[in-house]
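Worksheet: one structure, shown below.
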Protein chains: 4
Amino acid sequence: MAGSKFAYVKNFELPDPLLPGTFMVLRVDGHAFHRLSEEHNFTKPNDERALQLMDHAARDVMNEFKDIVLAFGESDEFSFLFRKSTTLYNRRQAKILTTVTSIFTSSYVYNWPKYLPNTPLKYPPSFDGRIVLYPSAKDVRNYFSWRQADTHINNLYNTVFWALVLQGGETTTQAHATLRGTVSSTKHEMMFSRFGINYTDISPRYRKGSILVRMEIPPEPEADVEPASGKISEVIESGADPTSKPKTAKKNVKIRTFIELLHCDLIGDEFWEARPHLLSE
Amino acid sequence: MAGSKFAYVKNFELPDPLLPGTFMVLRVDGHAFHRLSEEHNFTKPNDERALQLMDHAARDVMNEFKDIVLAFGESDEFSFLFRKSTTLYNRRQAKILTTVTSIFTSSYVYNWPKYLPNTPLKYPPSFDGRIVLYPSAKDVRNYFSWRQADTHINNLYNTVFWALVLQGGETTTQAHATLRGTVSSTKHEMMFSRFGINYTDISPRYRKGSILVRMEIPPEPEADVEPASGKISEVIESGADPTSKPKTAKKNVKIRTFIELLHCDLIGDEFWEARPHLLSE
Amino acid sequence: MAGSKFAYVKNFELPDPLLPGTFMVLRVDGHAFHRLSEEHNFTKPNDERALQLMDHAARDVMNEFKDIVLAFGESDEFSFLFRKSTTLYNRRQAKILTTVTSIFTSSYVYNWPKYLPNTPLKYPPSFDGRIVLYPSAKDVRNYFSWRQADTHINNLYNTVFWALVLQGGETTTQAHATLRGTVSSTKHEMMFSRFGINYTDISPRYRKGSILVRMEIPPEPEADVEPASGKISEVIESGADPTSKPKTAKKNVKIRTFIELLHCDLIGDEFWEARPHLLSE
Amino acid sequence: MAGSKFAYVKNFELPDPLLPGTFMVLRVDGHAFHRLSEEHNFTKPNDERALQLMDHAARDVMNEFKDIVLAFGESDEFSFLFRKSTTLYNRRQAKILTTVTSIFTSSYVYNWPKYLPNTPLKYPPSFDGRIVLYPSAKDVRNYFSWRQADTHINNLYNTVFWALVLQGGETTTQAHATLRGTVSSTKHEMMFSRFGINYTDISPRYRKGSILVRMEIPPEPEADVEPASGKISEVIESGADPTSKPKTAKKNVKIRTFIELLHCDLIGDEFWEARPHLLSE
């Protein structure tokens, strides 16, 4: 066959499997989103439409990959947690990483007009992505706590900062100077005394970020389970060891799932204790 | 600082530098494009608008990354060649891979309406990506030869196949059966005798694929070099060793470049001999 | 400095850290030990002297690296388990892997005359090595169970096989034929009825392999803890997170340890429940 | 089969192939050889017996692996260059790395009494090892130049240093102080004027290190090629592409080789131009 003498170049493709039995966390981050938010006049300190668009893109990723059980988003980033036992694409790193990043990007651009109908996109925005492996459930919890703590720190800062600028009449340089070295309580005090903002009244979306969690619908006694809204997904669960391929698993059970959007605390135990399936196999 | 007790989770991010002194080839591939082409009624065997859209996305990638010197596209895939000495993102694999895949995807969705104005995109399309390292110029040439030979094989097959279906009235099953086991010359003969198609008359875009090549504009004697069309890019060239960071290079020369679109043969020597800079440092 | 223009070649050395928070198992395997055992007339089916030499080499490795808490050996192989939180050589793979393999090899050759004083070594024997990461304690237990089950299977086969050859007068070809397809109970029956061997009377070393376990000596109330035999080691324990370097840990406690040799079952729970420190941090 | 329920743990072993088409350089380094040389009273500044022992161990490695075409040693280290097209162990990194390091170690311990017959080895010495990939012949040359430049720098320093100590009566602290900041010419001058040492009279082994090079014996017209000394090896050469397995190569030619020990310059062109096979496929 023509071309066969060149086909040896395929031998330079090296395998890149991710270690079995570990949790994959894949995070996408906006590329140069500072500029994107400037050029499209995002509302400060938070633009709800832009955040809802991020949630939409994340939901599209989760609809495509049933082995993603949890996602957390803030600002221009989203982190996805895969089931520990996932065998998606045989755990090939580049394949998983690029496909998720691409779907997220595509959905973001595709759905932009739904969320910012009066703000035409001026150029194509993009994201980078990375996968980090976590061996234990504790490390996974700490990862998500790290991101939510980051959300809190950034949002607290940004809320006072933009109050100083938009309501207090400071320049951005002055506002940064005003806030330099202030601790959390000082910022709360400043918001309340100068601008009448009670931080806890601020939308939980801004304070806690967005949590998308895949919930399982308890299997019903056979009959009349109807697909309902089309938003219900099916996940194949197997009882097999974490490294086996789905093919070899004997008893698969179809579990119907849906995706819930939350803006709650996930640093404490409550969130995880109420959803033990997230960190099980 | 709040959150600092969780920050140790960053230690699980492992370095992933690509071997210096090697050519990176990054290929993006359409994810489920068979379905995409069906749902949006792409013309068979080739849809020129869709191919032009691919070229546009590839050009956007090359405009973003000046160290990409060559790209080759066919069907739903595009391959990008980086200069051997590139230090883009310190050669971090995931960063390069995801950023390029994301920009390509974003541009594809963003520019869709320009090329298929009467065909609204029904859902967000996506791509996967991979990076393969080639140590030698010879292997790089063979890689691109492999892809162009593949273009030829596929296009020849698809051209006869769709002639049999669209003009010859065969079902797709019949057409596959008709072609089973036929060699190249038989297909040429069949096209000509039954459908009056002279294969060499077919658009070189379909027969040879799309080649985007970064060309250098010879530096002019100082003055009045004008930016002209805005399509001219600048690349920093350094004479340093292949592993050094740009910072340490002493004599940088700004080289102005533009991107040329070709549909010519790249398997023979001529293409490469005329553009020796593609495979130099 | 002379040579500095060549030093850039160091940039081709890529980092190879092992994922934090996982158990490392490092296994060394004899290279062509079939020939070695032939050339040096090892006793069949087991040569106690050669096995003791393996144990000695493994013990030397454990004396060098306090973060190895357990080792299991059979035939010409030995597996070493590192504490999950080890930061030995910053978890650099090649460094750990080659140093352990080299020390094991060196000790084996160095101590050969102690165990086989009348059998001069005819040529230098060697070993290969590999590191496998296990994310969970359960997988680590199953790894060691896998090796001990292998010990049992091989020893049972070899014991009957060599009884057939050495006592039964069969050729090795005949003996393999006699055993083909036999199950475990048949082999036990054959040993007992034809050769009077009660398998459970065979030395536990041959049936169970060699287990080297690092045991901690409870810290005594300050004073007069004497080094005793010189076989007691000290390990620095820290309570820090699994990815921190020892330097940053604040409260280090020196724990004195010694290495115990066992030939017992490690597939059941008892072994592990009695030594919970093996699978803790 | 007993044990099969544990065998899934093998799935945690990940592939580690080295990029095809690149030169592998494997370097072994003595582990704590400062102490080894102290404890065994190595002659200062160079111990010829210990260096010959290193050469012997390197030669044993090259006799085992015919795809090693060159080795360079100095002090307690040795670097091995594999043919670019080697498919040894399918280019699996850990397998190649540990086997070579182990054979080197084993030979060093095994042959110690031949070179230092009156100095019993007090404990087992060890080495670590690493593999670095070089994509181009130029980088390979620069790697070896880097090591030989290092040999020169170290030997020049050590020669004056020990002359100051052993002949000049300085303490080691004084000698270091005397040499601080001196350039090469000053050291030459100091050696000659104070101790009558003409540096160029010093053994080339110390000044240039040890080069072991595999030389090919031109194939003779069939008949009477006699094996001679047993030191002649045979290498299978194939004309196939660099990624093919030996099995698939059609025309193999047995090439007889021997290993030559040199202490000459390899920084200049002469060495390489006289031995073009070292850097060919």
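Nothing in this text is a laboratory measurement; each read-out follows from the coordinates by a stated rule. What you see is a predicted model, and the numbers here were worked out from it, not measured in a lab. Backbone-built Cβ (ideal geometry, glycine too); neighbour counts: all protein chains shown.
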Among C:Pro15, C:Ala94, C:Thr173, pick out the residue whose Cα is farthest towards the positive end of the charge dipole of chain C, where Lys and Arg carry +1 and Asp and Glu carry -1 on C-beta, about the Cα centre.
C:Pro15
Most packed first (mean Cβ within 10 Å per residue), the peptides D:274-280, D:50-56 order as D:50-56, D:274-280
With equal scatterers on the alpha carbons only and no solvent term, can you work out the Debye log10 of I(q)/I(0) for segment C:145-188 at 0.19, 0.25, 0.32 1/Å?
-0.56, -0.86, -1.12
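Stokes-Einstein at 20 °C, 1.002 mPa s, Kirkwood radius from Cα pairs: D for the protein assembly as shown in µm² s⁻¹?
Numbers: Rh = 34.4 Å.
It diffuses with D of about 62 µm²/s by this estimate.
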If amide H atoms are built 1.01 Å from N in the plane of the peptide, which residues on other chains or at least 5 residues away come under 5 Å of the amide H of C:Ser126?
C:His31
In peptide B:80-93, what is the residue-averaged number of other protein chain Cβ atoms found within 10 Å of each Cβ?
1
For B:Ser102, net neighbour charge (Lys/Arg +1, Asp/Glu -1) across residues whose Cβ lies under 14 Å away:
-4
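To the nearest 500 deg cm²/dmol, what mean residue ellipticity at 222 nm is calculated for chain B from DSSP H runs of n ≥ 4 alone, each contributing -39,500 (n - 2.57), summed and divided by the residues?
Working: 8 runs with 103 residues, N = 281.
Value at 222 nm, helices only, nearest 500: -11500 deg cm²/dmol.
How large is the dipole of the protein assembly as shown about the Cα centre if only Lys and Arg carry +1 and Asp and Glu carry -1, each at its Cβ, rounded to the nearest 20 debye?
Numbers: 136 positive and 136 negative charges, 1 e Å.
Charge dipole of the protein assembly as shown: 0 debye, to the nearest 20.
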On the principal axes of its Cα set, how long, how wide and how thick is segment B:9-138? Give whole Å, largest value first.
46, 42, 23
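With helices defined as uninterrupted DSSP H runs, which ones in chain A have an alpha carbon span along their own long axis of at least 15 Å and mean Kyte-Doolittle hydropathy of at least -1.0?
Span-like helices, by this rule, are A:48-64, A:93-115, A:137-162, A:184-195.
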By Cβ neighbour count within 10 Å, fewest first, D:Ser193, D:Ser136, A:Ser203 rank D:Ser193, A:Ser203, D:Ser136
Average other protein chain Cβ within 10 Å of Cβ, residues C:131-143
6
Nm distances between the label at D:Thr182 and the same-position labels in the remaining copies, 7 Å along Cα→Cβ, shortest first?
6.5, 7.7, 8.5
Among all the aspartates and glutamates, which ones have a C-alpha under 18 Å from B:Lys10's C-alpha, if same-chain residues fewer than 8 places away are not counted?
A:Asp29, A:Glu74, A:Glu77, A:Asp128, A:Asp139, A:Asp150, C:Asp16, C:Asp241
Mind listing the Cα extents of segment D:60-210 along all three principal axes, in Å, largest one first?
56, 42, 25
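Would you tally the net charge around A:Arg275, using a Cβ to Cβ cut-off of less than 12 Å, leaving A:Arg275 out, and scoring K and R as +1, D and E as -1? Walk me through the numbers before you get to the answer.
On the way: positive: A:Arg141, A:Arg214; negative: A:Glu216, A:Glu260, A:Asp269, A:Glu270, A:Glu273.
So the environment of A:Arg275 carries a net charge of -3.
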In debye to the nearest 20, how big a dipole does segment C:5-157 give about its Cα centre with +1 on each Lys and Arg Cβ and -1 on each Asp and Glu Cβ?
580
For A:Lys114, which aspartates and glutamates qualify as cross-link partners when the Cα separation must be under 14 Å and same-chain residues fewer than eight apart are set aside?
A:Glu48, A:Asp55
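Would you order C:Val69, D:Val165, B:Val183 from fewest to most other beta-carbon atoms within 10 Å of each residue's own beta-carbon? It would help to have the intermediate numbers written out before the result.
Values: C:Val69 27, D:Val165 19, B:Val183 9.
Ranking C:Val69, D:Val165, B:Val183 by Cβ neighbours within 10 Å, fewest first, gives B:Val183, D:Val165, C:Val69.
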Axis carrying B to C; for chain B the Cβ-nearest residue and its rounded Å distance come to B:Pro15, 2
Test item: B:18-25 mean partner chain Cβ contacts at 10 Å
6
How big is D for chain C, in µm² s⁻¹ as a whole number, if Stokes-Einstein is applied with the Kirkwood radius of its Cα pairs at 37 °C and 0.692 mPa s?
155
